[in-house]
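Reviewing the structure listed below.
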Amino acid sequence: MSATAPLRCEVAEGVATIVIDRPDKRNAMTAAMWRELPVLLDRLEADPRVRVLVLTGAGGDFCSGADIAELADITSGDLSTAAEEALAAFPKPTLAVVRGFCVGGGCQLAAACDLRLAADDARFGITPAKIGIVYPAAATARLVRLVGPASAKYLLFSAELVDAAHALRIGLVDEVVPAGDLDDRLAAFTATLASRSLLTQQATKDIVNSAAAGRLTQATVDAWVAESRQGTDAAEGIAAFLERRPPNFTWTGPAAHRR
């Protein structure tokens, strides 16, 4: 699978990789790119081969944010928020893989992923204070849930770039590895994720996100327990454990949502 440049996508061994591909502009996102991302995510959600989604940038950077030349179009249409929300709602595990600059809208996209893996040369910043605009409400709320109020204020007040060690300390990223080891670590981690029960992962994502937003109900948990009882992943996992072999999980999504 591919998308019109400058967003590229491929699927291999259960992992879909979306690459932001404008390295000459440090992968700044145009209005067309913000519009394209939710469309691409919809296609990947419907693809039964996809068990994990990786978002990364071409060349040496992740994303330097919205293309300033098109900022009026991007903000007037809330295009970055729509793309961020589509990424956050993607039901399968999502992983931002960050090299170099991850700034503004780039941080917005990375924060919308479930997990963030960064090279030790990565630099992070949220910069609306440099140009006098207000960071979107959904992005601000997500940032606060991720790093807490004080660190969110630090990033938004100062618009300063912070290094990967700082980002790890405040919870903006989950793991930092030497830049030269990033590809190997990514391959190993995505292989692990793709081998696990998608039912467990999707249930966990729904339950954890609901809890973080203060809207978790027992009904949500009960629905996932019922789905687990109807599916085959639990039986396969137990059988594989007893037989000392890798499990072959086959669940691809709740019956009501399969396409």
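The values are calculated or read from the model by the stated rules, or taken from the named source; none is laboratory data. What you see is a predicted model, and the numbers here were worked out from it, not measured in a lab. Reconstructed Cβ throughout: ideal geometry from the backbone, glycine too, with neighbour counts over all protein chains shown.
Listed values, structure above:
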| read-out | value |
| --- | --- |
| Condition check for GLY60: in contact with a Gly (Cβ under 6 Å, 6 or more places away or on another chain), assigned to a helix (DSSP H, G or I) and in the same structural domain as THR30 (by TED's automatic domain parsing) | no |
| PHE189 of a type in the set (A, V, I, L, M, F, W, C), within 22 Å of ARG51 (Cβ to Cβ) and assigned by TED's automatic domain parsing to the domain that holds ALA111 | yes |
| Qualifying residues in the range 5-40 (those that are in a loop (DSSP other than H, G, I, E, B) and aliphatic (A, V, I, L, M)) - the one farthest from ALA191 (Cα to Cα) | ALA28 |
| Residues located in the range 220-247, provided they are in a loop (DSSP other than H, G, I, E, B) and basic (Lys, Arg) | ARG244, ARG245 |
| Scope the range 202-259; condition of a type in the set (Phe, Trp, Tyr) and loosely packed, with under 13 Cβ neighbours inside 10 Å; matching residues | PHE241 |
| Test: PHE124 is among the aromatic types (Phe, Trp, Tyr) and more than 22 Å from ARG99 (Cα to Cα) | no |
| Matching residues, the range 208-219, being farther than 15 Å from ALA89 by Cβ and in a helix (DSSP H, G or I) | ALA211, GLN218, ALA219 |
| In the range 97-130, the residues that are in a helix (DSSP H, G or I) and within 9 Å of the chain's Cα centre (by Cα) | LEU109, ALA110, ALA111, ALA112 |
| Given (1) assigned by TED's automatic domain parsing to the domain that holds PRO48; (2) out of contact with any Leu (no Cβ under 7 Å at 6 or more places or on another chain), index of the condition GLY214 fails | (1) |
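Residues checked against (1) within 22 Å of the chain's Cα centre (by Cα); (2) of a type in the set (Phe, Trp, Tyr); (3) under 30 Å from ALA122 (Cα atoms):
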{"site": "SER151", "(1), (2), (3)": "yes, no, yes"}
{"site": "LEU168", "(1), (2), (3)": "yes, no, yes"}
{"site": "LEU172", "(1), (2), (3)": "yes, no, yes"}
{"site": "GLN202", "(1), (2), (3)": "yes, no, yes"}
{"site": "ASP206", "(1), (2), (3)": "yes, no, yes"}
{"site": "THR220", "(1), (2), (3)": "no, no, no"}
{"site": "PRO246", "(1), (2), (3)": "no, no, no"}
{"site": "PHE249", "(1), (2), (3)": "no, yes, no"}
{"site": "GLY253", "(1), (2), (3)": "yes, no, no"}
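One line per residue, one yes/no per condition, for (1) assigned to a helix (DSSP H, G or I); (2) touching a Phe, Trp or Tyr at 6+ places or on another chain (Cβ under 8 Å); (3) without any contact (Cβ under 8 Å) to a residue 12 or more places away in the chain:
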position: VAL54; (1), (2), (3): no, no, no
position: ALA69; (1), (2), (3): yes, no, yes
position: THR81; (1), (2), (3): yes, no, no
position: LEU95; (1), (2), (3): no, yes, no
